1. Find all pairs meeting these conditions: Cβ atoms under 8 angstrom apart; at least six residues apart or on different chains; first residue within segment 96-110 and in contact (Cβ under 8 Å) with a residue 40 or more places away in the chain and over 30 Å from HIS146 (Cα atoms); second residue of a type in the set (Lys, Arg) and open to solvent by 20 Å² or more (accessible area, probe 1.4 Å).
2. Among all residue pairs at least 6 apart or on different chains, which show Cβ distances below 8 Å where the first residue, located in segment 4-18, is at negative phi and part of a strand (DSSP E or B) and the second is acidic (Asp, Glu) and open to solvent by 20 Å² or more (accessible area, probe 1.4 Å)?
3. If you go through segment 150-173 one residue at a time, do you hit one that is in contact with a helix residue (DSSP H, G or I) (Cβ under 9 Å, 6 or more places away or on another chain), within 17 Å of ALA22 (Cβ to Cβ) and modelled with pLDDT under 95?
4. Any residue at all in segment 29-51 that is part of a helix (DSSP H, G or I), in contact with a strand residue (DSSP E or B) (Cβ under 7 Å, 6 or more places away or on another chain) and open to solvent by 30 Å² or more (accessible area, probe 1.4 Å)?
5. How many residues are in contact with a Phe, Trp or Tyr (Cβ under 7 Å, 6 or more places away or on another chain) and either touching a residue at least 60 places away in the same chain (Cβ under 8 Å) or not β-branched (Val, Ile, Thr) (or both) when one looks only at segment 112-136?
6. Mind listing just one residue for me: the one in segment 52-65 that is farther than 28 Å from PHE169 by Cβ and in contact (Cβ under 8 Å) with a residue 12 or more places away in the chain and, of those, least open to solvent (accessible area, probe 1.4 Å)?
7. Scan segment 62-70 and tell me whether some residue there is under 17 Å from the mean Cα position of the chain (by Cα) and acidic (Asp, Glu).
8. Can you tell me which of (1) surrounded by fewer than 20 Cβ atoms within 10 Å (Cβ to Cβ); (2) not aromatic (Phe, Trp, Tyr); (3) not in a strand (DSSP E or B) is the one MET91 doesn't meet?
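The values are calculated or read from the model by the stated rules, or taken from the named source; none is laboratory data. Here the structure is a predicted model, which means the values were calculated and not measured. All Cβ positions, even for glycine, are placed from backbone atoms using ideal geometry, and neighbour counts span all protein chains on display. What goes into the accessible areas is simple: the full protein's heavy atoms, side chains included, and nothing from ligands, DNA or RNA. Shrake-Rupley method; radii C 1.70, N 1.55, O 1.52, S 1.80 Å.
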Amino acid sequence: MKILLINGTVAGEKTKHLLKEAEKHLTKRITSHQIETLYLEDFKMEFADGRPKDDYNEDTKKLIDMVEHADGYIIATPVFQGSIPGALKNMFDLVSPKCMRYKPVALMGNGGTFQHHLVIENQLKPILDYFRCLTTPNYVYTHSAHFSETKELVDEDVKKRIKDLSEVFVKYLDLSQDIKKSTDL
């Protein structure tokens, strides 16, 4: 099984540190799974415009394949101007709505104010509901105060919440596999 850690931006380092912390806990918990990291900044992603997948450039096709063939996702995203980054929304627009169906997703966000945690509730979760994902009920939201001057995650409570998030994600991964075994979904 493949777990895809998605950095939902093309700029910044904080969300990468959140993903590294989650990966640390996942590798301790599930040694038989392949864990890959997808940094959107590493792709020359074209804008989604409804054309067939084969008509996009190689980077865009590779990104689509990585998302469509994963068995679960942990997505970390910054909040820019009270919203998710356009690159992350574009990624969602590129993939088939069926590709993430009944697959687990855990969410982490980072923003400049504590109120921006609502972006996860009001923007990301509805997108994932449309995809019919198994979104974990807990998510981690961080603020600038949780990081050092060098952008390292230093808040111990946040690290514990990421550990808890990873544990719940693993349970949802098991649930996803049970659903696939018991139905023709």
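1. Pairs that qualify, where the first residue is in contact (Cβ under 8 Å) with a residue 40 or more places away in the chain and over 30 Å from HIS146 (Cα atoms) and the partner is of a type in the set (Lys, Arg) and open to solvent by 20 Å² or more (accessible area, probe 1.4 Å), are ARG101/ARG132; TYR102/ARG132; TYR102/LYS180.
2. Sorted first by the residue in segment 4-18, then by its partner, the pairs are LEU4/GLU36; LEU5/GLU23; LEU5/GLU36; ASN7/GLU41.
3. yes
4. Among the residues of segment 29-51, not one is part of a helix (DSSP H, G or I), in contact with a strand residue (DSSP E or B) (Cβ under 7 Å, 6 or more places away or on another chain) and open to solvent by 30 Å² or more (accessible area, probe 1.4 Å), which makes the answer no.
5. 3
6. TYR56
7. yes
8. Failed condition: (1).
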